[in-house]
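Computed from the coordinates by the stated procedures, all read-outs in this text should not be read as laboratory data. Just so it is clear, the structure is predicted and the values come from calculations on it, not from any experiment. Methodologically, a virtual Cβ is constructed for each residue, glycine included, from the backbone with ideal geometry; neighbour enumeration extends over all protein chains shown.
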Amino acid sequence: RDINYTNYGEEDVDSVIYSKDDLVISGNGSLIINANNNHGIHSKDYIQILGGTINITCKNDGIVGKDYVAIKDGNITINSDSDGIKASNETDSSLGYIVIDGGSITIKSEGDAINAQTKLNINGGTFNIDSKDDGIHTNGDITISGGEFTINSGDVAIHADGMIEINKGTITIKAAEGIEATYVKIIS
């Protein structure tokens with residue numbers, strides 16, 4: 001159903017699942033979110049996803065953790081009118097990061113599919129990305145140490161304002177630009 005978030009007594013409640021504290025999702029169950037107004041899942045602190053099946057369709061960002069987003073496992077599908085997965089902290093340089101250590105992630109987004117403010121580390125997983133903007137983006141550095149990526153991007157497939165280091169993984173790109181950074185290091 002459509003929800004007017006301000007009816008719940010919190011002016012900043014802007015998602016179907018909202019936490020003012022840390023949020024941990026684990027287990028083998030399924031979670032289906034249709035966010036007709038705003039974000040799918042939003043935490044004012046961090047989000048950890050340790051398992052389960054998560055399907056999100058939303059009018060704004062799919063998963064937003066202010067301090068960080070950490071994904072260890074799970075089957076995540078996001079269809080977003082903005083960014084897919086986002087770490088949004090812009091004020092603390094030690095936060096605003098994303099770490100992905102596994103899982104299966106499918107994102108179709110109007111914005112960036114994966115967007116971290118400070119840094120992004122991917123150590124494994126399967127990624128199917130279709131984004132109108134950047135596929136993977138950070139204002140800092142990106143380190144990829146494994147994973148299988150299929151990225152279809154309207155702008156840059158993998159974009160960092162700092163450095164990109166790719167140690168392992170299989171990456172297939174169809175984009176306006178492939179990889180863009182101040183410095184790129186690829187170890188094969």
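General remarks:
- Placing +1 on the Cβ of every Lys and Arg and -1 on the Cβ of every Asp and Glu, with nothing else charged, gives the chain a dipole about its Cα centre of roughly 560 debye.
- Length released on extending from residue 20 to residue 170, taking residue separation times 0.36 nm less the Cα-Cα span: 50.3 nm
- When you count the other C-beta atoms within 10 angstrom of each residue and take the mean per peptide, 126-136, 106-116, 45-55 line up highest first as 106-116, 126-136, 45-55.
- For the stretch 50-160, the pair-distance distribution built from all alpha carbon pairs, in bins 5 Å wide starting at 0, is 3, 14, 24, 29, 21, 7, 1 percent.
- Between residue 185 and residue 110, the simple spin-label model (points 7 angstrom out along Cα→Cβ) gives 3.9 nm.
- Among [x] 124; [y] 97; [z] 154, the entry derived from the coordinates for volume of the Cα convex hull per residue in Å³: [y]
- On full extension, the segment bounded by residue 92 and residue 37 gains 16.9 nm, given 0.36 nm per residue less the C-alpha separation.
- Over the stretch 36-188, relative contact order from alpha-carbon pairs under 8 Å, at least 6 apart, %: 15 percent
- For the chain, with +1 on Lys and Arg beta carbons and -1 on Asp and Glu, the positive-most of 111, 93, 29 along the dipole: 29
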